[in-house]
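The block underneath contains the structure these notes are about, expressed in structure tokens.
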Amino acid sequence: QVQLVESGGGLVQPGGSLRLFCAASGSIFNIYAMGWYRQAPGKQRDLVARSVNGGTTNYADAVKGRFTCSRNNTKNTVYLQMNSLKPEDTAVYYCYAQIPGRGFWGQGTQVTVSS
């Protein structure tokens, strides 16, 4: 089992920045990928960014150039730096960790971009 705890969500104006943080605990030695997904009201949960062992990080086209996902393999933490936020970035953001054969989710943190 892997437990994930997120923090850092909130309300921000368009054009602003937020930083999300996620820490993993439990069976962390098997984790080979960590990242972030988001789910807006009435929509499916979509990938935002995913970092795999070896250093490769993939981003959704909608956030490329604005969001940066940083992972610390030693501490089993992952950050999501979100800049130039837009109203369409409003969603619940979920931390994700993957071990062979199974994925784990955090509880989610709300990000609201509004003036």
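The values are calculated or read from the model by the stated rules, or taken from the named source; none is laboratory data. Note that this is a predicted model, so its numbers are computed, not measured. Cβ atoms come from the backbone with ideal geometry, glycine included; neighbour counts cover every protein chain shown. Ligands, DNA and RNA are stripped out before the accessible areas are found, and what is left, the full protein with its side chains, is counted by its heavy atoms. Shrake-Rupley method; radii C 1.70, N 1.55, O 1.52, S 1.80 Å.
Residue check, D46 against (1) closer than 19 Å to F104 by Cα; (2) part of a loop (DSSP other than H, G, I, E, B); (3) among the charged types (D, E, K, R), all met but one. Which one?
With (1) closer than 19 Å to F104 by Cα; (2) part of a loop (DSSP other than H, G, I, E, B); (3) among the charged types (D, E, K, R) applied to D46, the lone miss is (2).
Test each condition in (1) open to solvent by 50 Å² or more (accessible area, probe 1.4 Å); (2) touching a residue at least 24 places away in the same chain (Cβ under 8 Å); (3) more than 16 Å from F104 (Cα to Cα) for N53 and report the one that comes out false.
(2)
Any residue in region 58-77 that is within 17 Å of S27 (Cβ to Cβ) and at pLDDT below 95 sitting within a Cβ distance under 8 Å of a residue that is open to solvent by 30 Å² or more (accessible area, probe 1.4 Å) and not in a strand (DSSP E or B)? List the pairs, counting only those 6 or more apart or interchain.
Close Cβ pairs satisfying both conditions: N73/N53; N76/I28.
Considering each residue of region 1-25, count those that are open to solvent by 50 Å² or more (accessible area, probe 1.4 Å) and in a strand (DSSP E or B), and give that number. Write out each step before concluding.
In the first step, residues of region 1-25 are kept if they are open to solvent by 50 Å² or more (accessible area, probe 1.4 Å); the result is 1, 3, 5, 7, 11, 13-15, 17, 19, 21, 25.
Among the residues that remain, those that are also in a strand (DSSP E or B) are: 3, 5, 7, 11, 19, 21, 25.
Number satisfying all stated conditions: 7.
Consider region 96-108. How many of its residues are within 20 Å of T57 (Cβ to Cβ) and not in a loop (DSSP other than H, G, I, E, B)?
7
Would you be able to say whether some residue in region 93-114 is touching a residue at least 40 places away in the same chain (Cβ under 8 Å), open to solvent by less than 30 Å² (accessible area, probe 1.4 Å), hydrophobic (A, V, I, L, M, F, W, C) and in contact with a Pro (Cβ under 6 Å, 6 or more places away or on another chain)?
yes
Among the listed residues G42, G16, G8, which satisfies the condition of being on the phi > 0 side of the Ramachandran plot, touching a residue at least 12 places away in the same chain (Cβ under 8 Å) and not polar (S, T, N, Q)? Spell out the reasoning first.
Values: G42 fails: touching a residue at least 12 places away in the same chain (Cβ under 8 Å); G16 fails: on the phi > 0 side of the Ramachandran plot.
The unique qualifying residue is G8.
Say we look at region 81-90 and pick out the residues that are of a type outside the set (D, E) and on the phi < 0 side of the Ramachandran plot; which of these is surrounded by the most Cβ atoms within 10 Å (Cβ to Cβ)?
At the first step, the residues of region 81-90 found to be of a type outside the set (D, E) are 81-87, 90.
Still in the running and on the phi < 0 side of the Ramachandran plot: 81-83, 85-87, 90.
Values: Q81: 15, M82: 27, N83: 14, L85: 22, K86: 13, P87: 11, T90: 17.
The residue in question is M82.
Filter region 62-76 down to residues that are part of a strand (DSSP E or B), open to solvent by less than 60 Å² (accessible area, probe 1.4 Å) and either of a type in the set (A, V, I, L, M, F, W, C) or in contact with a Ser or Thr (Cβ under 9 Å, 6 or more places away or on another chain) (or both), then give me how many there are. Spell out the reasoning first.
So the first thing to find is which residues in region 62-76 are part of a strand (DSSP E or B), and the list is 67-72.
Restricting the remaining residues to those that are open to solvent by less than 60 Å² (accessible area, probe 1.4 Å) gives 67, 69-72.
If we keep only those that are either of a type in the set (A, V, I, L, M, F, W, C) or in contact with a Ser or Thr (Cβ under 9 Å, 6 or more places away or on another chain) (or both) as well, we get 67, 69-71.
So the count comes out to 4.
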